[in-house]
Amino acid sequence: MSIPLRKVELTQEDEANVARSRMYALLGLGFSYPGEGLEESQNELWGLTRALYPELLKTDEPASVTAKALEPEYIVMFDGVDRRRHVKPYEALWYEGDRGKRQWEVKQFYRFFGLSLESGKNEMPDKVAAELEFMHVLAYRSVLAKNAAQGGGMTQDPNEYQHYRAAQRDFLGRHLAKWLPQFCERVVEVTEQPYYTLLAKVASRFVQDDLEWLSADP
């Protein structure tokens with residue numbers, strides 16, 4: 001997704017937010033049902049990985065793998081076909097207690113920012129791909145908010161950028177960063193598919209590092 005930036009000088013923070021937004025989009029796509037977009041995005045994903053975590057790529061970028069090749073592994077792990085290798089892709093399933101309440105809290109985050117799940121797919125709001133995509137949107141909008149302020153654009157709230165930064169920090173701290181590391185650890189444990197192994201390692205590191213970055217003084 002390209003961001004229509006005004007003609008203003010980007011700061012290092014702006015550039016970091018652009019990269020963060022894109023990384024979340026790529027991770028969300030990686031944990032979605034394998035499709036054509038996943039194949040097209042792999043070079044970009046591993047390129048960002050090399051910039052952030054070169055130690056995870058001891059050689060050149062992994063060879064591109066087709067969606068058709070990944071589909072059986074996705075079904076086994078995330079659809080629960082083999083209970084011994086099942087990886088629960090929903091946040092609420094990683095906790096005891098009122099799972100419906102946790103899903104409701106995630107949905108409220110989406111609604112507050114005018115977002116909803118795609119109609120007709122009958123998907124739960126706390127699926128890993130959906131939560132990663134939500135972080136992508138928040139990071140994307142934070143860049144637009146700051147760009148509008150720098151370019152003299154009209155915004156309803158002069159502190160809109162900080163609101164988006166706080167929202168990202170809150171969502172990570174209360175939701176995604178609390179369960180995704182365990183989810184990724186389980187993926188690494190059960191899969192022999194190199195794509196998913198590397199994807200899980202990158203996602204776990206990135207989400208935890210991103211929460212630390214957002215928690216620092218802006």
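The values are calculated or read from the model by the stated rules, or taken from the named source; none is laboratory data. All figures in this text were calculated on a predicted structure; none of them were measured in a lab. Backbone-built Cβ (ideal geometry, glycine too); neighbour counts: all protein chains shown. Each accessible area value is taken on the protein alone, full model and side chains, heavy atoms only, with ligands, DNA and RNA left out. Shrake-Rupley method; radii C 1.70, N 1.55, O 1.52, S 1.80 Å.
Return yes or no: is Leu132 touching a residue at least 12 places away in the same chain (Cβ under 8 Å) and either closer than 21 Å to Tyr195 by Cβ or among the aromatic types (Phe, Trp, Tyr) (or both)? Yes. Only residues that are open to solvent by 10 Å² or more (accessible area, probe 1.4 Å), in a helix (DSSP H, G or I) and either touching a helix residue (DSSP H, G or I) at 6+ places or on another chain (Cβ under 8 Å) or more than 21 Å from Leu48 (Cα to Cα) (or both) were counted in the range 168-194, giving 13. When Phe78, Phe31 are checked against the criterion of being surrounded by 19 or more Cβ atoms within 10 Å (Cβ to Cβ) and over 30 Å from Tyr161 (Cα atoms), Phe78 stands alone in meeting it.
Within the range 63-70, one or more residues are aliphatic (A, V, I, L, M), part of a loop (DSSP other than H, G, I, E, B), open to solvent by 70 Å² or more (accessible area, probe 1.4 Å) and closer than 18 Å to Leu199 by Cβ. If you go through the range 142-157 one residue at a time, do you hit one that is outside any loop (DSSP other than H, G, I, E, B), at pLDDT 95 or above and of a type outside the set (Asp, Glu)? Taking every residue of the range 142-157 in turn, none turns out to be outside any loop (DSSP other than H, G, I, E, B), at pLDDT 95 or above and of a type outside the set (Asp, Glu). Which residue pairs have Cβ atoms closer than 7 Å, lie 6 or more positions apart in sequence or on different chains, and pair a first residue in the range 58-86 that is closer than 19 Å to Cys184 by Cβ with a second residue that is surrounded by 14 or more Cβ atoms within 10 Å (Cβ to Cβ) and among the basic types (Lys, Arg)? Cβ pairs passing all conditions: Val76/Arg85; Met77/Arg85. For the range 15-38, the set of residues classified as closer than 26 Å to Ile75 by Cα and in a helix (DSSP H, G or I) consists of Arg22, Met23, Tyr24, Ala25, Leu26, Leu27, Gly28, Leu29, Gly30, Glu36, Gly37, Leu38, listed by residue number. Is it fair to say Glu44 is closer than 21 Å to Phe206 by Cα, of a type in the set (D, E, K, R), in a helix (DSSP H, G or I) and out of contact with any strand residue (DSSP E or B) (no Cβ under 9 Å at 6 or more places or on another chain)? Against the criterion (closer than 21 Å to Phe206 by Cα, of a type in the set (D, E, K, R), in a helix (DSSP H, G or I) and out of contact with any strand residue (DSSP E or B) (no Cβ under 9 Å at 6 or more places or on another chain)), Glu44 qualifies. The residues of the range 87-116 that are in contact (Cβ under 8 Å) with a residue 12 or more places away in the chain, open to solvent by 60 Å² or more (accessible area, probe 1.4 Å) and in a loop (DSSP other than H, G, I, E, B) amount to a single one, Lys88.
Restricted to the range 1-28, and to residues there that are modelled with pLDDT under 85 and of a type in the set (Lys, Arg), the residue that is most open to solvent (accessible area, probe 1.4 Å) is Lys7.
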